[in-house]
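The values are calculated or read from the model by the stated rules, or taken from the named source; none is laboratory data. Values in this document were obtained by computation on a predicted structure and should not be read as measured data. Cβ sites come from the backbone with ideal geometry, for glycine too, and all protein chains shown count toward neighbours. Surface accessibility is based on the protein's heavy atoms, side chains included, excluding ligands, DNA and RNA. Shrake-Rupley method; radii C 1.70, N 1.55, O 1.52, S 1.80 Å.
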Amino acid sequence: MNRIILISHNRLAEGMKRAVEMIAGPQANLECLGLMPGEQPDALIDSFKQTIQPG
């Protein structure tokens, strides 16, 4: 199964995922990550690495 990971600043990716799911219904292969204010980019990189780990 293909996966789509949306990555953005703040909650933009989360909003895009919600918008897609409003139109197309729940999407098991669609994930989102956002760099929140005050977070360091390394935190987002770590989250991304965890997301793409097989298993």
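Summary of values
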| read-out | value |
| --- | --- |
| Neighbourhood net charge (15 Å Cβ-Cβ; Lys/Arg +1, Asp/Glu -1) for residue 4 | 0 |
| Cβ-defined net charge surrounding residue 36, 12 Å radius [Lys, Arg +1; Asp, Glu -1] | -1 |
| Amide H within-cut-off set for residue 30, under 5 Å, with H built and near neighbours excluded | 4 |
| The chain - percent relative contact order, Cα under 8 Å, separation 6 or more | 38 |
| Gain in span if fully extended, residue 19 to residue 53, counting 0.36 nm per residue against the direct Cα distance | 9.6 nm |
| Cβ-based charge dipole, the chain, positive-most Cα from 40, 2, 24 | 24 |
| Size of electric dipole in the chain: Cβ of Lys, Arg +1 and of Asp, Glu -1, about Cα centre, debye, nearest 20 | 160 |
| Diffusion constant of the chain at 20 °C, which comes from Stokes-Einstein with the Kirkwood Cα-pair radius and 1.002 mPa s, µm²/s | 180 |
| Approximate spin-label separation residue 40-residue 1, in nm, with each point projected 7 Å along Cα-to-Cβ | 3.4 |
| Exposure rank, largest accessible area first [17, 49; 1.4 Å] | 49, 17 |
| Å² of accessible area per residue within the chain, as computed with a 1.4 Å probe and no ligands counted | 78 |
| Folded to 0 to 90 degrees: helix 12-24 orientation relative to the chain principal axis, Cα | 10 |
